[in-house]
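The values are calculated or read from the model by the stated rules, or taken from the named source; none is laboratory data. The structure presented is a predicted model; accordingly, all values stated were derived computationally and were not measured. Cβ atoms come from the backbone with ideal geometry, glycine included; neighbour counts cover every protein chain shown. Remember, those area values only see protein heavy atoms, side chains included, never the ligands or the DNA or RNA. Shrake-Rupley method; radii C 1.70, N 1.55, O 1.52, S 1.80 Å.
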Amino acid sequence: MRIGIFGGTFDPVHMGHLILAEQCRAQAGLDQVWFVPSYAPPHKAKDITRFEQRCEMIELATAGHPAFQVNRIEKELPPPSFTANTLAELHARHPGNEFFLLMGSDCLPDLPGWYEPRQVVERAGLVVVPRPGVMLWTAARLAHAMGLPESTVRLQFVACPMIEIASRELRRAITDGMSIRYLVPRAVEEYVRERKLYTAATP
């Protein structure tokens, strides 16, 4: 199968994540999209919401979509959660599947500085959503930046509505008592409210 890998902290998952995942699935011909929440993100603050709660919010958000699922693989791998290691383990566990990494075009210039970036592009195609104001990197430019043959980089751009929602702004809005209705799925909104996430009363 052709599997899209959508990584991130998803703290919380929101409508922008879901729209990106669906457009990538449809336009890149993916059989499934696996949401892979980061267990120990190397570049994020340590005070992120508990892993299982972030997974549960994604499960609520994707319920009813047969091609979407949550994959908890990064909880089982040594920290920090590097994409190269996750892809290596996914290949080992699911031989025969073809993997594609979903990302915004703003991530492409940073990719050569990732942990083992060559292994990332060798183990997964890149399905990229253009971001406003960001110069598009071609496969040739990315390959050159990593010292690889251009044929090594499998890169496809997909058109996607620009939904400017940021999880950090949602967390701030919740802390300030503001509404997040229609920015996250209703089930996620209720989950956040019931568990008092992103407030001083968060357990």
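Below, the figures for the structure above:
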quantity	calculated
Region 25-61, residues that are over 17 Å from residue 171 (Cβ atoms) and of a type in the set (Val, Ile, Thr)	33, 36
Which numbered condition residue 184 fails, given (1) under 21 Å from residue 28 (Cα atoms); (2) in contact (Cβ under 8 Å) with a residue 24 or more places away in the chain; (3) not aromatic (Phe, Trp, Tyr)	(1)
Within region 3-119, helices (runs of 4 or more DSSP H) holding 3 or more residues that are under 24 Å from residue 190 (Cβ atoms)	15-27, 51-62
Those residues of region 90-128 which are farther than 26 Å from residue 80 by Cα and either touching a His at 6+ places or on another chain (Cβ under 8 Å) or open to solvent by less than 20 Å² (accessible area, probe 1.4 Å) (or both), in sequence order	none
Test: residue 57 is open to solvent by less than 10 Å² (accessible area, probe 1.4 Å) and in contact (Cβ under 8 Å) with a residue 40 or more places away in the chain	yes
Given (1) open to solvent by less than 10 Å² (accessible area, probe 1.4 Å); (2) within 23 Å of residue 181 (Cα to Cα); (3) in contact (Cβ under 8 Å) with a residue 24 or more places away in the chain, number of the condition residue 17 does not satisfy	(1)
Residue match in region 111-118 (condition: more than 28 Å from residue 162 (Cα to Cα), touching a strand residue (DSSP E or B) at 6+ places or on another chain (Cβ under 7 Å) and not basic (Lys, Arg))	no
Number of the exception - residue 63 against (1) open to solvent by 50 Å² or more (accessible area, probe 1.4 Å); (2) among the hydrophobic types (A, V, I, L, M, F, W, C); (3) under 14 Å from the mean Cα position of the chain (by Cα)	(3)
